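The values are calculated or read from the model by the stated rules, or taken from the named source; none is laboratory data. It should be emphasised that the depicted structure is a prediction, and the values quoted were computed from it without experimental measurement. Glycine gets a Cβ as well: all are built from the backbone with ideal geometry, and neighbour counts include every protein chain shown. These accessible areas exclude ligands, DNA and RNA; they are computed on the full protein's heavy atoms, side chains included. Shrake-Rupley method; radii C 1.70, N 1.55, O 1.52, S 1.80 Å.
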Amino acid sequence: MSRIALHWQIAIALVLAAIAGTLTADNAGAMEVYSILGTLFLNALKMLIVPLIVSAIVGGMLALEKDSLGRLGGKTVLYYGTTTLIATLIGLLVLDVIQPGIIDGAPAGPRLGLSADTGKVVAAVAGRGLGDIAGLLESMIPANLFVAAAQGEMLGLIFFSLLFGGITARLPERHLRPQREFWTSLYEAMIGITEVVMKFAPLGVFGLVAKTVAATGFQAIQPLALFFFSVLLGLAIHTFVILSLILKFLGRVRPGLHLQAMSPVLLMAFSTSSSSATLPVTIEHVQKGAGVSPQVSGFVLPLGATVNMNGTALYECAAAIFIAQAYGLELSIFTQFTVVLLALVTSIGVAGIPAASLVAIAVILGAVGLPIEGVGLILAVDRVLDMCRTAVNVYGDTVGAVVIARLEGEDGILGEPALKK
C-alpha cells in the first residue's frame, strides 16, 4: 500500500487534534502531553533556522551572477511592499463594509466587554510606542552576531548574511570556490535534516493544535463571530483572489497547482503560527515542489519570513478598525490612512517585538486616540486568527519566490515553460 502523502497526514492530525482537544479540555495530564509533543517539534524546527537562513542566503548569493543581485533584491522588495499594502487595504475595505464593531446600529463594545486577560496585555504593552518600531532598525546591525542568533533576532542575522555573501562573492576565484562549496554543502545538509524532522510533523501538529483547542475551545469565537469571519474573508480575498491573479499573470503558473504543491507548507504554518519555524519546510517545498532554484529561494524566502507579513498587516488594520467601531469612534479618511500606514510598517518587524501583533495593534490604537485596553476585545479570537494569518504570510512568501523566479527567466516552475522574452 502506498504511503499517505505528508499533507494528508498533517490534515488528519489537525482533525484528530480538534477532536482530542475538545474532549480533554479540562484534563491537565492530556495538556502536558500535548505541550511536550508540540514543544519538541517546534524546538526541532527552530534548531534549523539559524544555519538554514545563513547557508541559504550566503550560498544563494555566491551562486548568483554578480550583476544579478541588485536586480533580484529590487524585485523582492517591490513585491513584498506591494502585496503587503494591498493586504492592508483589503482589511480596511472589508471592515468598513461589514462593520462588525456595530451591532443594531450601536457600538458593540459595551455588549462584548473585555477579555479577562486584558490586564496582562495592557501591562505587557504599556509604555510602548513608535520608538519600539523604530528600534528595530538597531537590531539590523547586532553588536554580537551569536547573541542575536540565540535571541532570534532574524533581521540582524539576515543583514550579516547579505553582507557576508556580497563581500565573499567578490573574492578571487581561488578563495571563492571553497566558500561556495562549504555553504552549498551546509545548506544541503540542513535540507536533509529538515526532511528527517518533517517525518514527525503529524505528531507535532497534533500536539500544537490539540493544546490550543483544549485551552481556548470554540465557544470563545461566538461573541466575536462577525469580526472573526470578516478577517477570514479578508485573508481569503487576498489569498485566493489577489495572490492567485499575481501567480497567473506575473508568474504564468496555475494558482491551483501552486496551492496544491504548497499545502504541507500552509498546514505547517497554520499549526505553528510562526513564519520562521515554518521556513525550513517552506524552502524545501518551494524548491522541490514548485521547482524554484536555490539561488532565488535562498534569497527571497528567508527575507520574506522576516519582513513579508501580508496576513499580519491585514489583521492589524482590521483589528484597529474593529476596535474603533466598537468604541463608537468615527475615523476620518486621514485617520484610516494612518492606520493603513502603521499596519504596513509595524507588520514588517512585528515578529521581533514582545507580545507580537498585540503590541503593534496597541501602537496603532494610540496613534488614533483609542485606549490600549481595546485589545481586550479581540483576545478571545486572536490565537486562532494568528494561525490563519501566519498561513497567509507564508503563502505570500511562496508566491513571491515563484513570481520572482519566473521574472528571472527560470524554466520548469510547476511544470510550466519559462516566460517569453
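Would you check if V381 is in a helix (DSSP H, G or I) and either touching a residue at least 24 places away in the same chain (Cβ under 8 Å) or open to solvent by 30 Å² or more (accessible area, probe 1.4 Å) (or both)?
The answer is yes for V381.
Give the residue, chosen from G204, G234, G256, G251, that is touching a strand residue (DSSP E or B) at 6+ places or on another chain (Cβ under 9 Å) and modelled with pLDDT of 90 or more.
G251
Among all residue pairs at least 6 apart or on different chains, which show Cβ distances below 9 Å where the first residue, located in region 25-44, is in contact (Cβ under 8 Å) with a residue 40 or more places away in the chain and the second is assigned to a helix (DSSP H, G or I) and of a type in the set (F, W, Y)?
Y34/F206; L37/F206; G38/F206
Provide a single number: the residues in region 275-293 that are touching an Asp or Glu at 6+ places or on another chain (Cβ under 9 Å) and either open to solvent by 10 Å² or more (accessible area, probe 1.4 Å) or without any contact (Cβ under 8 Å) to a residue 24 or more places away in the chain (or both).
Number of matching residues: 4.
Residues of region 245-258 being without any contact (Cβ under 8 Å) to a residue 40 or more places away in the chain and either open to solvent by 60 Å² or more (accessible area, probe 1.4 Å) or within 18 Å of the chain's Cα centre (by Cα) (or both), which ones?
L245, K248, F249
Can you find a residue in region 89-111 that is touching a residue at least 12 places away in the same chain (Cβ under 8 Å) and either in contact with a His (Cβ under 8 Å, 6 or more places away or on another chain) or within 30 Å of L163 (Cβ to Cβ) (or both)?
Scanning region 89-111 turns up at least one residue that is touching a residue at least 12 places away in the same chain (Cβ under 8 Å) and either in contact with a His (Cβ under 8 Å, 6 or more places away or on another chain) or within 30 Å of L163 (Cβ to Cβ) (or both).
Could you list, in sequence order, the residues of region 27-55 that are farther than 19 Å from R177 by Cβ and small (G, A, S)?
A28, G29, A30, S35, G38, A44 - these are the residues of region 27-55 that are farther than 19 Å from R177 by Cβ and small (G, A, S).
All but one of (1) in a helix (DSSP H, G or I); (2) open to solvent by 60 Å² or more (accessible area, probe 1.4 Å); (3) free of Cβ contacts under 8 Å to residues at least 12 places away in the same chain hold for L171, so report the exception by its number.
Every listed condition holds for L171 apart from (1).
Going residue by residue through region 392-409, is there one that turns out to be over 21 Å from P302 (Cβ atoms), of a type in the set (V, I, T) and outside any loop (DSSP other than H, G, I, E, B)?
no
Among G156, G105, G113, G152, which is modelled with pLDDT of 55 or more and buried (at least 18 other Cβ atoms within 10 Å of the Cβ)?
G156
Look through F146, F182 and report the one residue that is open to solvent by 80 Å² or more (accessible area, probe 1.4 Å), among the hydrophobic types (A, V, I, L, M, F, W, C) and within 18 Å of M47 (Cα to Cα).
On the way: F182 fails: within 18 Å of M47 (Cα to Cα).
Every option except F146 fails the conditions.
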